[in-house]
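What follows draws every value from the coordinates through simple rules; no lab data is involved. Owing to the predicted nature of the structure, the values given are computational and were not obtained by experimental measurement. Cβ atoms come from the backbone with ideal geometry, glycine included; neighbour counts cover every protein chain shown.
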Amino acid sequence: MIYELPVEKDGYWYFREKDENMGFGMSGKSSAWLVTYDGKLPFAFVTKKEFLEKRKINLTDEMHNTAARYKEVLKNLEIEKPLEEVEFKDDPEKLTKYMKGYNYAKDRNEKLLADNEKDYQPEFDKIETMLEMPAEELNQQAIVKQDPDAKGISYLFTDDNDPFGEILIKPKSGYFNKKLPRSTPQFIWVYVTWDPNEPIGSKFREDIMKAVDFGTLKSMLGK
């Protein structure tokens with residue numbers, strides 16, 4: 001994923017200036033350039049349809065993995081129970097306390113396991129409904145963010161102006177010359193952060209950008 005849409009500018013791809021967390025409670029700005037083969041991007045944008053179809057697969061895996069965790073807890077409880085009963089056989093108070101915790105954990109995980117598919121079903125239903133959108137909309141690029149009201153398993157479509165938006169991308173195999181060694185640069189990423197309120201840092205940013213020779217960087221591609 002990327003967080004900004006690139007704009008072609010002077011033969012390079014430019015990512016607009018944005019606010020940046022610089023750590024230690026400091027905030028600043030950042031901007032970036034992508035140096036590529038002429039007029040090309042090394043990635044393609046994921047469509048809404050592709051995202052929804054992939055999300056169904058990922059969600060199914062997530063649901064099965066969650067069920068497996070509940071089953072594992074229940075299995076371990078049954079392995080542990082006879083051992084604890086032997087250990088506490090001469091101490092009724094401790095045995096009673098253990099059994100109380102065992103019964104609570106067993107009941108809780110059995111209920112979670114029983115409700116697992118039901119908990120995920122609304123999200124599957126939502127995805128199926130969205131897959132019924134017109135083809136024109138499904139073929140639009142997918143910019144997504146997590147739904148804050150859905151416990152991390154649901155996503156909303158948004159746009160490039162959303163600060164929480166994630167622009168989904170995928171490899172573009174046609175961009176790369178596969179005959180070249182993997183050590184050969186086929187795109188170069190230039191990324192700069194600075195504090196605009198700090199004079200020395202701002203001056204350094206201005207000077208370093210004047211010093212970056214994009215033509216030289218471009219001539220290194222494929223070599």
### Task
Only Cα pairs under 8 Å and at least 6 apart count here; give the relative contact order of the stretch 48-157 as a rounded whole percent.
36 percent
### Principal axis dimensions, largest first and in whole angstrom, of the stretch 48-157 by Cα
72, 22, 18
### Query
Just how large is the dipole of the chain about the Cα centre, in debye to the nearest 20, putting +1 at every Lys and Arg Cβ and -1 at every Asp and Glu Cβ?
1020 debye
### Separation of the Glu110 and Phe164 label points, Cα + 7 Å toward Cβ, nm
3.8 nm
#### Entry: Histogram of C-alpha separations across the chain, 10 Å bin width, %
6, 20, 20, 19, 15, 10, 7, 2, 0
### Task
In debye, nearest 20, what is the charge dipole magnitude of the stretch 48-157 about its Cα centre with +1 on Lys and Arg Cβ and -1 on Asp and Glu Cβ, if you could check?
140 debye
### Task
Any chance you could check the Cα centroid distance between the stretch 24-60 and the stretch 134-212 for me, in angstrom?
5 Å
### Candidate lysines - alpha carbon under 16 Å from Lys118, same-chain residues fewer than 8 apart omitted
Lys56, Lys126, Lys151
#### Entry: Over the stretch 1-84 - Rg/Rh using Cα atoms and the Kirkwood inverse-distance radius
1.30
### Message
Projecting each Cα onto the charge dipole of the chain (Lys/Arg +1, Asp/Glu -1 at the beta carbon, about the Cα centre), which of Val73, Met99, Phe187 comes out farthest on the positive side?
### Response
Phe187
### Query
Say each of Leu83 and Phe214 gets a label point 7 Å from the Cα, pointing the same way as Cα to Cβ; how far apart are those two points in nm?
6.4 nm
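Would you calculate a helix-derived [θ] at 222 nm for the chain, using -39,500 (n - 2.57) for each DSSP H run of n ≥ 4 and dividing by the full residue count, to the nearest 500? Can you show the working numbers first?
Numbers: 5 runs with 103 residues, N = 223.
-16000 deg cm²/dmol, from helical runs alone.
For the stretch 109-223, what number results from the quotient of the Cα radius of gyration and 2.2 N^0.38 Å? If you can, show how the numbers build up before the last one.
On the way: Rg = 22.8 Å, N = 115, 2.2 N^0.38 = 13.4 Å.
Cα Rg divided by the expected 2.2 N^0.38 Å: 1.71.
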### Task
Kindly flag which residue pairs out of Lys9/Lys48; Lys89/Lys111; Lys48/Lys172 have an alpha-carbon separation exceeding 20 Å in this structure.
Lys9/Lys48; Lys89/Lys111
